[in-house]
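Only one structure is covered here, and it is reproduced in the block below.
The values are calculated or read from the model by the stated rules, or taken from the named source; none is laboratory data. Bear in mind that the values here come from a model prediction, so they are computed numbers and not experimental data. To get the accessible areas, we keep the full protein, side chains included, count just its heavy atoms, and leave off ligands, DNA and RNA. Shrake-Rupley method; radii C 1.70, N 1.55, O 1.52, S 1.80 Å.
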Amino acid sequence: MAFGDQPAYLRVAGDLRQKIVAGELPPHTRLPSQARIREQYGVSDTVALEARKVLMAEGLVEGRSGSGTYVREQPVPRTLVRTGYRPAGESTPFRQEQADSRVKGTWESRSEQVPADAAVARRLRIATGDRTMRTDYVFRAQGEPVMLSTSWEPLSVTGRTPVMLPEEGPLAGRGVVERMAAIDLIVDNVAEEVSARPGLAEEVLALGGVPGHCVVVVTRTYFAGGCPVETAEIVVLADRYRVAYHLPVK
């Protein structure tokens, strides 16, 4: 087999990747053993092992204890819809994070008071160490965990008000816009940034992913009259989602 100038392990991984993508090695098929790769490609055990590691890091194959390495079934990417539009009566935490009305879901949450770290303080324009209400969410669609979200609200804004706890009180689960309106703060702007990074072990585990996989992070901040009233990070597995923006033209 003729190879180019790439390191041998990348050339072997590339050929196996092509076979997986083309369906020559369909999902749930056992990947050729290390000995078979060595023989087929004329490489050393080290090269064969490194090639397998590359495919595992890319999420194309997975190891099964005592059984071998198998081709993973690749998820069909879903769309995570982002929009500033919130239909009346639909301002729930799930709808706030996934604006596609065709997607129905549930959520679990936990709130606690925590000091703002430097990053959160910068986004909320408060001092590092100022108290915030942090709420961690796990969102599910058809029972499957699909999204994580962590939000922070400055207690200088919501403290000692009926909406201090996002998931408790008279407006529990109604979303930031409606909750802030209840304390006479009109949310009039939202800023979002999209980035990608390696997923933290606990994030990937919670979302049912493979260790080492990347996640897409949407960092969002709501403003009322130029003052930040909530900031959040929405996390989804990068191989399962594409972020789509539907923005109104004024």
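For the pair the range 213-250 and the range 44-66, the centres of their Cα atoms are 34 angstrom apart. When the helices of the chain are scored as -39500 (n - 2.57) per DSSP H run of n ≥ 4 and the total is divided over every residue, the value at 222 nm lands at -7000 deg cm²/dmol.
Under 10 Å, Cα contacts only: if you run a Gaussian network model on the chain, which one of K53, K104, K19 comes out with the highest mean-square fluctuation? Greatest mean-square fluctuation among the candidates belongs to K19.
Residue ranking by accessible heavy-atom surface, 1.4 Å probe, largest first, among I186, I126 comes out as I186, I126. Note on R72: accessible area approximately 30 square angstrom, rounded to 10, probe 1.4 Å, nucleic acids and ligands left out.
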